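Heads up, the thing below is written out as structure tokens.
The values are calculated or read from the model by the stated rules, or taken from the named source; none is laboratory data. This one's a predicted model, so the numbers in the text were calculated from it and none came from an experiment. Positions of Cβ are backbone-derived with ideal geometry, glycine not excepted, and every protein chain shown enters the neighbour counts.
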Amino acid sequence: MAHSYTPGLTVTPWSVITKKRILPIPGAVHVQDGESVSSEKVVASAELPGKVHVINVVNQMGIQPEDLKEYMTKGEGDRVEQGEVLAETKPLIKWFKSSVTSPVTGFIETISNSTGQVLLREPPRRLDLFSYIDGRVVEVIPGQGVRIETTCAFIQGIFGIGGETWGTLILASESPEEPLNARQLTPEHAGKIVIGGSFVGADALQRAKAVGVKGLVIGGMHDKDLRALLGYDLGVAITGTENIGFTLVLTEGFGHIPMARKTFDLLRGLSGRKACLSGATQIRAGVIRPEIIVPLTPEESSRREDRSVLVKEGAKIGDPVRVIREPYFGRIGEVVALPSELAMIPTESRVRVMEVQFADGSKVVVPRANVEIIEES
Amino acid sequence: MSIDSQSSTDRPLSTIVATDCGSTTTKAILIEKIGNEYRQTYRGEAPTTVEAPFEDVTRGVLNAIAEIEELSGRKILDGEHIITPSGSGGNPKTGVDLYISTSSAGGGLQMMVAGVVQSMTGESAQRCALGAGAIVMDVLASNDGRLPHEKIERIRSLRPDMILLSGGTDGGTITHVVEMAEYIAAAEPRPRLGMSYNLPLIYAGNKEARGRISEILGKKTALTVTENLRPTMERENLVPARNKIHDLFLEHVMAQAPGYRKLIEWAGAPIMPTPAAVGLIMETIAKKQGINLIGVDIGGATTDVFSIFHGAFNRTVSANLGMSYSISNVLAESGLENIMRWVPFSIEEQDLRNRIKNKMIRPTTVPQTLEELQVEQAIAREALRLALGHHKTLATGLKGVQQERSISDVFEQKGSGQTLINMLDLDLIVGSGGILSHAPRRVQSMLMMVDAYEPLGVTELSVDSIFMMPHLGVLSTVNEQAAMEVFVHDCMIYLGTCIAPIGLDKAGERCLDYTIALPTGELKGTLKFGEIRLLPLGVSEEAMVHLKPARNVDVGAGRGETLERRVRGGVVGLLLDGRGRPLRLPSRHEDRVSLLTQWHQALNLYPASVPPAIVAGETTQGKR
């Protein structure tokens, strides 16, 4: 038995990726098949239905629902301005006249003679869908969106918060083992995507926000600092819509964990380049991991075009791996044995295991489920 | 390939293949008639292939069945077709008579429900959707405290698979239910999957309002009208709406998911949402055996609880209580202190919090050390406890019902809508899900459930061996006998019986005297408060117990009253739980750890020392 099937996160200096950019509701696509686009390009847009306001006209006027239409000055589908009269009584003596006015500018959606309510809808809002990555449109899905392809350096994190952003990569820690402290963040980092080392604490997170960084990529953090940053305890790993002022990507997990050397070196080599970053994480069916995408120049892209597609076939002897569970959490080593038979671990469970050798020469047995392959590029 | 639909045992079935297409894994089982009995013989599994790059659920189904083929030597597949019937081509080891399936892939069935009064039609609609196997994303009601525009925004942002609208008793006022329909129409709700079809909406409210509802929602949704699920205040009628949910689940939701059209064609019975099938088999068992039952399925993301008390079926799903994806939420909901009370050692809060989050982001990892296992089992106790708490609040009698009261009722101050879950009436707890089904020692599963549920009096406990309840649920719609036989022989592992007297006293005080006629001889003794004992009573063994509780203690027959009855054994045995009810743990850390250790030792819950040669966690070159 020479392989085990252990999922890993992709960290590669060259990859071709495709992003499906789809509107939440049908709309219009603004780009052509084959067109080159950059992150800020609006590739599609839709008209989001305006906010609805409910006015109980019959209650305000003291009339019966079935009589409502007689009092309305406007009909369904009519446009109304804020403060314009919607309905009024027509008494003989003008003094007794009462009316209901529109609180917003918009359209009359429905007039209900069952409930006596009038529903007003504000004008639609335009929703722009950005390209997010620099690349080429490879498919137009009419009325829905596009697929964009790019050749890039591609790094997946393990967990993130915050949505899509883009900016220049800048290194703030000297090594993957060095924690990022508040003093290392300066006005120079404003609007940039900052690369740190092993750990970010509460003070550095506050500083990142104050300085105005666009993104932060780091090895680990404490759960309590995440809670403080969000203002609540994150219960389920579905993220990407948080509004914390920047996008945060953890490459390793929770706690003090040095960023994998390979990830750090790759990011260091890309310092000064434009990167597209997303913190969106979803760890259920259809797993989504946070990502850092650095589009390559045409020259860089062509350099590796003959490269065969990376096949995730599982761990082999000699593969570099990261242990992802206690008691060796975060340690990096090399697979030295892949016994095929089940082995009993200290919990008394019988599981498939592998033997891993760490840099100090020590060897340990760990369940295969507790190991992540560090994928070679 | 297609198999003719069969609604009953109109054709002899000797070989059945069943799959459950879960979010991550598709599990297949083979059921064969051996002699006069149906038995589950082989199983196979493969990753579910709903997502890219495959985007075809049948690929995973074929892979899982191919594994069964390999193990059993039976030829079931002919390329991408299932061969039917069994014995095709004159070879008895070829083909199957029936293929059936359940599905929870792609997040299962997600619904929004709406009613007029939250605690009445809102709750009835919720019970209906849950019973049909759905996850209820939100319950909207006229009196839910939200302003109209907030309701509309919420409906718009949810994107459910389906909406169930109820409200008003037949012949009652229509204003409020029409108002809810207007909000739904204004929100222009869109379905979760696909852009090109209208969202299915079931109207099961006041029949007088059907005309107005059709006018308002007919063009904006795929409207289906069915019988009112609360025709009168005193009566719920959930079955017609529940059936409609299943129909629409197949017609609209499943048909949008990749590969499901083909799967629907293959299946010899309608594909059911996984939790609906589990509920069905539990209901069948309770009915057949005439017992009250609580079933729990604790998964990575959600915990489902089913109960059947005096024939009333209820299901709830705690969408964010689970052991991997949602593990952090268990901590958030229960609080650290409640988890730590089950852990027999000290651990720093920050360390524990980071460990839990790391499990959340890497959900497939397994505990390697005993401490990690104990922490996970502590979290499981809290997830189970919280999920049962949720269940109790929804598994109630109907609220808002006028009741005739006698003098005694006045003194008891009982209102309508009391929970139906009476732990003293409970006969059987069925546990399912990785943490319970795969605990290294079965006694760990038993104690997790006992600690979380605090059963009262005499209660049997069991676990599902390999999670085949969904398969058996859908099988029961075709052949109930086959489903029951496999359930009893191959699915359930009886752990044993727990005897838990109700009452509290100082540790060491007499709780009850017992005489137990075990197969090995009569055993007499006194159970003291604060103590827990495990007596040997094996699988298929029964014993007559004579229990004489202390004056203020009730073991099911009343305070101080003697109870005599038969109890059944299991792979764990007979558990005498003298820890008192309600179960209270000492607040002082050292006292609590000492007591937990004492209980764990009494049950031989965990290994006293770690097995030597194969210990992971030590260097193989020797301890450094």
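For first residues located in the range B:149-161 and under 20 Å from B:LYS244 (Cβ atoms), partners that are at pLDDT below 85 and surrounded by fewer than 24 Cβ atoms within 10 Å (Cβ to Cβ) and lie 6+ apart or on another chain with Cβ distances below 8 Å form the pairs B:PRO160/B:PRO191; B:PRO160/B:ARG192; B:ASP161/B:PRO191; B:ASP161/B:ARG192; B:ASP161/B:LEU193; B:ASP161/B:HIS252. Among residues of the range A:173-197 that are in contact (Cβ under 8 Å) with a residue 12 or more places away in the chain, those with a beta-carbon under 7 Å from a residue that is among the basic types (Lys, Arg) at least six positions away or on a different chain give the pairs A:PRO176/A:ARG261; A:ALA182/A:ARG207; A:LEU185/A:ARG207; A:GLY191/A:LYS214; A:LYS192/A:LYS214; A:ILE193/A:LYS214.
To keep it simple, each residue is scored yes or no on (1) farther than 19 Å from A:LEU277 by Cα; (2) within 14 Å of another protein chain (Cβ to nearest Cβ); (3) of a type in the set (Gly, Ala, Ser); (4) in contact with a His (Cβ under 8 Å, 6 or more places away or on another chain).
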{"site": "A:THR151", "(1), (2), (3), (4)": "no, no, no, no"}
{"site": "A:SER175", "(1), (2), (3), (4)": "yes, no, yes, no"}
{"site": "A:ARG183", "(1), (2), (3), (4)": "yes, no, no, no"}
{"site": "A:GLY201", "(1), (2), (3), (4)": "yes, yes, yes, yes"}
{"site": "A:ALA204", "(1), (2), (3), (4)": "yes, no, yes, no"}
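In contact with a helix residue (DSSP H, G or I) (Cβ under 9 Å, 6 or more places away or on another chain), modelled with pLDDT under 95, within 23 Å of A:MET259 (Cβ to Cβ) and basic (Lys, Arg): does that describe A:ARG352?
On the way: in contact with a helix residue (DSSP H, G or I) (Cβ under 9 Å, 6 or more places away or on another chain): yes; modelled with pLDDT under 95: yes; within 23 Å of A:MET259 (Cβ to Cβ): no; basic (Lys, Arg): yes.
So A:ARG352 fails the test.
For first residues located in the range A:25-45 and away from every other protein chain (no Cβ under 14 Å), partners that are part of a strand (DSSP E or B) and of a type in the set (Asp, Glu) and lie 6+ apart or on another chain with Cβ distances below 8 Å form the pairs A:ASP33/A:GLU139; A:VAL42/A:ASP128; A:SER45/A:ASP128. For the range A:351-377, the candidate set comprises residues that are more than 7 Å from every other protein chain (Cβ to nearest Cβ) and of a type in the set (S, T, N, Q); within that set, the residue that is surrounded by the most Cβ atoms within 10 Å (Cβ to Cβ) is A:GLN357. Being within 21 Å of B:SER437 (Cα to Cα), away from chain A (no Cβ under 14 Å) and either among the acidic types (Asp, Glu) or buried (at least 20 other Cβ atoms within 10 Å of the Cβ) (or both) is a condition met by no residue of the range B:352-374. Residues in the range A:328-345 that are buried (at least 16 other Cβ atoms within 10 Å of the Cβ) and within 10 Å of another protein chain (Cβ to nearest Cβ): 6 in all. If the condition is being surrounded by fewer than 21 Cβ atoms within 10 Å (Cβ to Cβ), assigned to a loop (DSSP other than H, G, I, E, B) and either of a type in the set (A, V, I, L, M, F, W, C) or without any contact (Cβ under 8 Å) to a residue 12 or more places away in the chain (or both), then the range B:177-228 contributes B:LEU193, B:MET195, B:SER196, B:GLY218, B:LYS219.
The single condition among (1) surrounded by fewer than 20 Cβ atoms within 10 Å (Cβ to Cβ); (2) under 17 Å from the mean Cα position of the chain (by Cα) that A:ARG268 does not satisfy is (2). Checked against (1) over 14 Å from A:ILE158 (Cα atoms); (2) more than 12 Å from chain B (Cβ to nearest Cβ), A:ASP233 meets all criteria but (2).
Taken over the range B:273-329, the criterion of being aromatic (Phe, Trp, Tyr) and crowded, with 24+ Cβ neighbours inside 10 Å is satisfied by B:PHE306, B:TYR325. Taking the range A:136-218 and the strands (runs of 3 or more DSSP E) fully enclosed by it, the elements with 1 or more residues that are touching an Asp or Glu at 6+ places or on another chain (Cβ under 9 Å) and surrounded by 18 or more Cβ atoms within 10 Å (Cβ to Cβ) are at A:145-156, A:159-161, A:165-171. Of all residues in the range B:177-208, those that are at negative phi and either facing chain A (nearest Cβ under 8 Å) or polar (S, T, N, Q) (or both) total 12.
Across the range A:1-56, the number of residues qualifying as modelled with pLDDT of 95 or more and touching a Pro at 6+ places or on another chain (Cβ under 7 Å) comes to 1.
Restricting attention to the range A:79-135, the residues that are within 14 Å of chain B (Cβ to nearest Cβ), touching a helix residue (DSSP H, G or I) at 6+ places or on another chain (Cβ under 9 Å) and among the β-branched types (Val, Ile, Thr) total 4.
The lone criterion from (1) in a loop (DSSP other than H, G, I, E, B); (2) more than 12 Å from chain A (Cβ to nearest Cβ); (3) at pLDDT 90 or above left unmet by B:LEU398 is number (3).
In the range B:547-556, what count of residues is obtained for those that are free of Cβ contacts under 8 Å to residues at least 40 places away in the same chain and buried (at least 16 other Cβ atoms within 10 Å of the Cβ)?
Of the range B:547-556, the ones free of Cβ contacts under 8 Å to residues at least 40 places away in the same chain are B:548, B:551.
So of that shortlist, the ones also buried (at least 16 other Cβ atoms within 10 Å of the Cβ) come out as B:548.
Final tally of qualifying residues: 1.
Among the residues in the range B:239-250, are any within 14 Å of another protein chain (Cβ to nearest Cβ) and either within 30 Å of B:ASP56 (Cβ to Cβ) or not acidic (Asp, Glu) (or both)? Taking every residue of the range B:239-250 in turn, none turns out to be within 14 Å of another protein chain (Cβ to nearest Cβ) and either within 30 Å of B:ASP56 (Cβ to Cβ) or not acidic (Asp, Glu) (or both). Suppose the filter is farther than 26 Å from B:GLY22 by Cα and either more than 20 Å from the chain's Cα centre (by Cα) or within 14 Å of chain A (Cβ to nearest Cβ) (or both); does B:ARG341 pass it? Taking the combined requirement at face value, the residue satisfies it.
Taking A:GLU348, is it over 29 Å from A:SER15 (Cβ atoms), without any contact (Cβ under 8 Å) to a residue 60 or more places away in the chain, surrounded by fewer than 17 Cβ atoms within 10 Å (Cβ to Cβ) and at the interface with chain B (Cβ under 9 Å from one of its Cβ atoms)? Spell out how you get there, then give the answer.
Values: over 29 Å from A:SER15 (Cβ atoms): yes; without any contact (Cβ under 8 Å) to a residue 60 or more places away in the chain: yes; surrounded by fewer than 17 Cβ atoms within 10 Å (Cβ to Cβ): yes; at the interface with chain B (Cβ under 9 Å from one of its Cβ atoms): yes.
When the stated conditions are applied, A:GLU348 passes them.
In a loop (DSSP other than H, G, I, E, B) and surrounded by fewer than 20 Cβ atoms within 10 Å (Cβ to Cβ) - does that describe any residue in the range B:121-140? Full working, then the answer.
Here is the first cut: in the range B:121-140, the ones in a loop (DSSP other than H, G, I, E, B) are B:132-133.
Then keep just the ones that are surrounded by fewer than 20 Cβ atoms within 10 Å (Cβ to Cβ); that gives none.
No: zero hits.
This table checks each residue for (1) crowded, with 21+ Cβ neighbours inside 10 Å; (2) within 14 Å of another protein chain (Cβ to nearest Cβ); (3) within 30 Å of A:SER38 (Cβ to Cβ).
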{"position": "A:ARG227", "(1), (2), (3)": "no, yes, no"}
{"position": "A:THR241", "(1), (2), (3)": "no, yes, yes"}
{"position": "A:GLU252", "(1), (2), (3)": "yes, yes, no"}
{"position": "A:ALA260", "(1), (2), (3)": "yes, no, yes"}
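Counting only residues that are under 16 Å from B:LYS262 (Cα atoms) and modelled with pLDDT of 85 or more, give me the strands (runs of 3 or more DSSP E) lying completely in the range B:1-99 with at least 3 of them. Quick ask: steps written out before the conclusion?
Numbers: elements: B:15-21, B:25-34, B:37-47.
Those strands (runs of 3 or more DSSP E) span B:15-21.
Can you work out which of the residues in the range A:287-311 that are surrounded by 12 or more Cβ atoms within 10 Å (Cβ to Cβ) and within 13 Å of chain B (Cβ to nearest Cβ) is modelled with the highest pLDDT?
Of the range A:287-311, the ones surrounded by 12 or more Cβ atoms within 10 Å (Cβ to Cβ) are A:287-296, A:300-301, A:303-304, A:307, A:310.
Filter again for within 13 Å of chain B (Cβ to nearest Cβ), leaving A:287-290.
Values: A:VAL287: 75, A:ILE288: 85, A:ARG289: 91, A:PRO290: 95.
This residue is A:PRO290.
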